[in-house]
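Data first, discussion second: the structure below is written as structure tokens.
Each reported figure results from applying straightforward, stated rules to the coordinates on display, with no laboratory input. Remember, it's a predicted structure, so these values are computed and weren't measured experimentally. FYI the Cβ positions are ideal-geometry reconstructions off the backbone, even for glycines, and counts take in every protein chain you see.
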Amino acid sequence: MTKKILKLKWQFFFFNAVGEEAIELFNTFDLQEEDENNYDQVLTAFENHITPKTNVEVQRFIFNSRMQDIDESFDAFYTDLRKLVKSCEFANQADSVVRDRIVLGIVDSGLQERLLLEGNLSLA
């Protein structure tokens with residue numbers, strides 16, 4: 001089989017399987033002509049369309065609202081902060097905002113005061 005027939009074959013089966021709504025959606029994608037014939041590019045376009053977009057403001061609100069629970073270990077608090085910061089798009093500032101959230105959010109007020117007096121804190 002020639003490449004052109006193979007291209008047409010996957011398109012036929014793919015669009016037959018996904019249905020008319022998916023074809024209409026496909027027609028709204030801003031793909032180059034050569035990408036329209038590329039199975040991986042077409043799948044990526046569909047995946048990009050259906051993947052929920054992260055609301056950075058909401059993720060940052062959740063991160064910045066995070067306080068250590070009274071019965072929560074520091075390790076659990078720190079681990080959760082590390083997970084939360086990943087969706088906040090702080091880029092190279094992630095360590096410093098985690099450090100700040102620790103100082104602001106720890107339960108032990110004595111430790112919090114010592115950390116504030118210490119200065120030049122790092123996570124290392």
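Observations, loosely collected:
- Taking region 61-92 as the range and being within 16 Å of the chain's Cα centre (by Cα) and more than 30 Å from F29 (Cβ to Cβ) as the test, the residues that pass are F61, I62, F63, D80, L81, R82, K83, L84, V85, F90, N92.
- If you filter region 63-111 down to residues that are out of contact with any helix residue (DSSP H, G or I) (no Cβ under 8 Å at 6 or more places or on another chain) and of a type in the set (S, T, Y), you find that the one that is nearest to L123 (Cα to Cα) is S96.
- Subset tally (residues that are in contact with a helix residue (DSSP H, G or I) (Cβ under 9 Å, 6 or more places away or on another chain) and charged (D, E, K, R)) for region 34-59: 3
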